[in-house]
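Structure record follows, encoded as structure tokens.
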Amino acid sequence: MKKTVATLAGLGLLGTVFMTRYPLFGRRPSKADQQDYRRSAQFKNGKFQNELPFQLKMEWETTKSILKDYGRELPSLKPVKPLPVLPFERRTDGTEPRVTWFGHSAFLLELDQQTIFFDPMLGRVPSPFPKFGGGRFQTTAPVDLDALPPIDLVIYSHDHYDHLDYHSVLALKDRVGRFIVPLGVASRLKGWGVDASRITELDWHESIETNGLRLTATPARHYSGRNGLDQFSTLWASWVIEGSKKVFFSGDSGYGPHFKAIGDQYGPFDLTIMECGQYDTRWSSSHMLPEQTLAAHLDVKGDVMIPVHWSAFTLAFHPWFEPVERLLKEAKKHDVPVVTPMIGESVTTASQTRKWWREVR
């Protein structure tokens, strides 16, 4: 009996050490951090919360249906050919916001002589264990960081693996002027060697001004966490960027009244960059369906839209190209201009829709 107890205690200790020391999980906010987060209306009972009721746990029947789908061979979850990638070309003129998309939610925004990298997940696998979890879609070329201009800011929407990537942070951290993140996410970056003096944490509706741009964290309907035991320990956000033009990035979010509130307070927007992909009716409280993406764009009073959060990973059960096809169908009903860049392509609000995915699907 004593030997069994000692073995279990040893295993428990090893498990605790692994959960707190494995670098890809990231450092959790400290108790001192949590004391500071009490200033946030979203931080209650030691966790961040959504404005609307949000239940992450699913009923057993829903869980069974998801597990069943994992065991099925569903069609078109991945492209049959490598996705084409355009080499980055540095900007020489123009004042319109320019966006370069790198797949999923990673995009470079150039506005008013500043370069901002949003959710730069450039890694191969959105998982803490590289041999598990769906790998990145094959492409004709990797992202060449040396080709990019100096990066003034990196902004994260939240700490999930398909947005905040350990290896990408290590590759970028010495190329970036400042990191701007929702409350709690600084703990992850500091654990990976980013100096605290180069990180700014914001609560919803808090802003920072830098070289003429005003950046504001705004609400989203989502959640956080990296190891199953730290869910809701950091905040998630959408982002408002105000300069000579106004840009909105939805981050990951279920549809809700917060979009209209953002539009009323901060809109209208010249450009929106909206989550569109990795959805399912079974988790629609945290990820929008394409038709809801269009509704959210209208709610925030957007003009031109770029859909993101697709064309990199299989994190849901829909065909990989379905999000953009459904979105374009809905956008046509409402006469909303949608720009659909290839990976690596730089576009402006004057760019045209190109259905490039139909050649590789």
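The values are calculated or read from the model by the stated rules, or taken from the named source; none is laboratory data. Bear in mind that the values here come from a model prediction, so they are computed numbers and not experimental data. Cβ atoms come from the backbone with ideal geometry, glycine included; neighbour counts cover every protein chain shown. Keep in mind that these areas ignore ligands, DNA and RNA; they rest on the heavy atoms of the full protein, side chains included. Shrake-Rupley method; radii C 1.70, N 1.55, O 1.52, S 1.80 Å.
Could you give each residue of the stretch 338-348 its phi-based ³J(HN,Hα) in whole Hz, using Karplus coefficients 6.51, -1.76, 1.60 with θ = phi - 60°, and x for Gly or Pro?
Taking θ as phi minus 60°, the curve returns 10, 9, 10, x, 6, 5, x, 7, 9, 10, 10 Hz for the stretch 338-348.
Roughly how many Å² is the accessible area per residue of the chain, as a whole number, for a 1.4 Å probe? Mind showing how you got there, number by number?
Details: 16750 Å² over 361 residues.
Each residue of the chain exposes 46 Å² on average to a 1.4 Å probe.
Of the chain, which part is the longest with no GluC sites (Glu not before Pro) in a loop (DSSP not H, G, I, E, B) and with at most 11 other C-beta atoms within 10 angstrom? Show your work: numbers first, answer last.
Details: sites that count: GLU59, GLU73, GLU89.
Excluding the exposed sites themselves, the longest stretch runs over 90-361.
Provide Rg over Rh for the chain; use the alpha carbon set for both Rg and the Kirkwood Rh (inverse mean inverse pair distance).
0.96
Please determine, in degrees from 0 to 90 and to the nearest 10, the orientation of helix 290-299 with respect to the longest principal axis defined by the Cα atoms of the chain, where the helix direction is its Cα long axis.
So the helix axis and the longest Cα principal axis differ by about 70 degrees.
Which ³J(HN,Hα) values, rounded to whole Hz and listed in residue order, are derived for the stretch 145-153 from phi using the Karplus coefficients 6.51, -1.76 and 1.60 in 6.51 cos²θ - 1.76 cosθ + 1.60 with θ = phi - 60°, glycine and proline given as x?
5, 5, 7, 6, x, x, 9, 6, 9
About its Cα centre, what dipole magnitude does the chain give when the only charges are +1 on Lys and Arg Cβ and -1 on Asp and Glu Cβ, stated in debye to the nearest 20?
Values: 44 positive and 41 negative charges, 284 e Å.
In total the dipole reaches around 1360 debye.
Are any of the pairs LYS246/LYS333; LYS246/LYS355; LYS190/LYS260 more than 32 Å apart by Cα-Cα distance, and if so, which?
Numbers: LYS246/LYS333 24 Å; LYS246/LYS355 26 Å; LYS190/LYS260 34 Å.
As for pairs spanning more than 32 Å Cα to Cα, those are LYS190/LYS260.
Just to be sure I understand the model, the point goes 7 Å from the Cα along the line to the Cβ. What's the resulting GLN55 to SER30 distance in nm?
Placing both labels 7 Å along Cα→Cβ, they lie 3.8 nm apart.
Long-range amide H contacts for LEU122: which residues qualify at under 5 Å (H placed 1.01 Å from N, peptide plane, sequence gap of 5 or more or a different chain)?
Answer set, sorted by chain and number: SER168.
For helix 2-21, report the angle its Cα long axis makes with the longest principal axis of the Cα atoms of the chain; keep it between 0 and 90° and round to the nearest 10°.
20 degrees
Which angle between 0 and 90 degrees, to the nearest 10, do you get for helix 60-70 versus the longest principal axis of the chain when only C-alpha atoms count?
Here the helix axis deviates by roughly 60 degrees.
With n ≥ 4 as the cut-off for DSSP H runs, can you work out [θ] at 222 nm for the chain, using -39500 (n - 2.57) per run divided by the number of residues, rounded to the nearest 500?
Details: 8 runs with 84 residues, N = 361.
So the calculated ellipticity at 222 nm is -7000 deg cm²/dmol.
Take every DSSP beta bridge with both residues inside the chain and express the antiparallel ones as a percent of the total, to the nearest 5.
On the way: 26 of 49 bridges.
Bridges in the chain that DSSP calls antiparallel: roughly 55 percent.
Mind listing the phi-derived Karplus ³J(HN,Hα) values for the stretch 273-280, rounded to whole Hz, using 6.51, -1.76 and 1.60 with θ = phi - 60°, and x for any glycine or proline?
For the stretch 273-280, the Karplus curve yields 10, 10, 4, 8, x, 6, 9, 6 Hz.
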